[in-house]
Amino acid sequence: MLPARLLAPLAAAAALALSACATTPYTGPVEVTRFVAPSPAGLGQGTIAITFPDEVKNENARSAFATAVSGELARLGYSVVAEGTPAGQVAAIRTTRSPIAAAPVRERGPVSVGVGGQTGGFGSGLGMGVGINLGGGREGANTMTELSVRIGQTDGATLWEGRAQLPTGVKSPYSQVDASARTLATGLFKDFPGGNGETVTIDVKKLQGR
């Protein structure tokens with residue numbers, strides 16, 4: 001049996017080796033682009049109903065984004081009514097989640113394991129590509145989650161349209177559907193209606209607690 005004075009350095013070295021294998025979760029900023037109609041009469045007031053033009057098979061995702069967007073619309077001053085209920089305006093919600101292609105692995109670099117590879121949204125039912133870096137260090141962006149909302153009048157005229165996207169790594173807490181829905185919706189409607197055609201980048205930490 002080794003003396004205690006020799007065991008301590010060995011234990012420290014083992015702990016250091018294990019920490020080197022760990023990765024820091026990656027969460028990118030939210031990128032938001034918005035467009036405002038030249039005469040957006042009634043924007044931010046009156047009744048509004050949400051709708052999903054595309055089928056969303058993932059009920060948890062559908063519920064999370066409906067709740068997040070409805071909450072932001074209510075905060076802006078809208079009276080949000082149930083989906084399918086007649087309203088003065090309609091908010092059409094679309095959301096997707098797609099894999100981000102991993103960078104090529106350098107010779108003698110970290111081992112990269114790819115799983116899946118299909119591009120799929122929340123409603124597509126397809127798998128998602130997952131790249132796992134076994135070499136330690138900082139985790140890279142793995143998936144891109146996107147939320148777009150179009151606010152229009154019942155006659156089809158568009159008053160406002162915006163898109164927000166958030167890149168995250170596998171281990172990021174923001175890769176969870178509830179967190180990504182809240183963060184994207186908050187970023188999308190921050191400083192509403194925003195500049196026409198303007199793209200802004202927002203750190204996710206600035207969107208917490210709103």
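Give the range 183-210 a look and list any residue that's in a helix (DSSP H, G or I) and surrounded by fewer than 21 Cβ atoms within 10 Å (Cβ to Cβ), or say none.
Start the filter on the range 183-210 by keeping residues that are in a helix (DSSP H, G or I), which leaves 183-188, 204-207.
Those that are in a helix (DSSP H, G or I) and surrounded by fewer than 21 Cβ atoms within 10 Å (Cβ to Cβ): K205, K206, L207.
Are any residues in the range 41-51 out of contact with any helix residue (DSSP H, G or I) (no Cβ under 7 Å at 6 or more places or on another chain) and either in a loop (DSSP other than H, G, I, E, B) or surrounded by 19 or more Cβ atoms within 10 Å (Cβ to Cβ) (or both), and if so, which ones?
Passing the criteria: A41, G42, L43, Q45, G46, A49.
Does T85 satisfy the condition of being under 24 Å from A185 (Cα atoms), at pLDDT 90 or above and part of a loop (DSSP other than H, G, I, E, B)? Show your work before the answer.
On the way: under 24 Å from A185 (Cα atoms): yes; at pLDDT 90 or above: yes; part of a loop (DSSP other than H, G, I, E, B): yes.
Criteria met by T85.
When you go through (1) basic (K, R); (2) at pLDDT below 90; (3) assigned to a loop (DSSP other than H, G, I, E, B) one by one for K171, which number turns out not to apply?
K171 satisfies every listed condition except (2).
For T95, are the conditions met, namely being of a type in the set (S, T, Y), under 22 Å from T158 (Cβ atoms), exposed (fewer than 12 other Cβ atoms within 10 Å of the Cβ) and at pLDDT 85 or above? I'd like the intermediate steps shown before the answer.
On the way: of a type in the set (S, T, Y): yes; under 22 Å from T158 (Cβ atoms): yes; exposed (fewer than 12 other Cβ atoms within 10 Å of the Cβ): no; at pLDDT 85 or above: yes.
No: the conditions fail for T95.
Hey, among the residues in the range 52-74 that are β-branched (V, I, T) and at pLDDT 95 or above, which one's surrounded by the most Cβ atoms within 10 Å (Cβ to Cβ)?
By that ranking, first place goes to V69.
Considering every residue within the range 143-163, establish whether at least one is part of a loop (DSSP other than H, G, I, E, B), at pLDDT below 90 and touching a Ser or Thr at 6+ places or on another chain (Cβ under 7 Å).
no
The values are calculated or read from the model by the stated rules, or taken from the named source; none is laboratory data. Quick caveat, the model's predicted, so the values are computed rather than measured. All Cβ positions, even for glycine, are placed from backbone atoms using ideal geometry, and neighbour counts span all protein chains on display.
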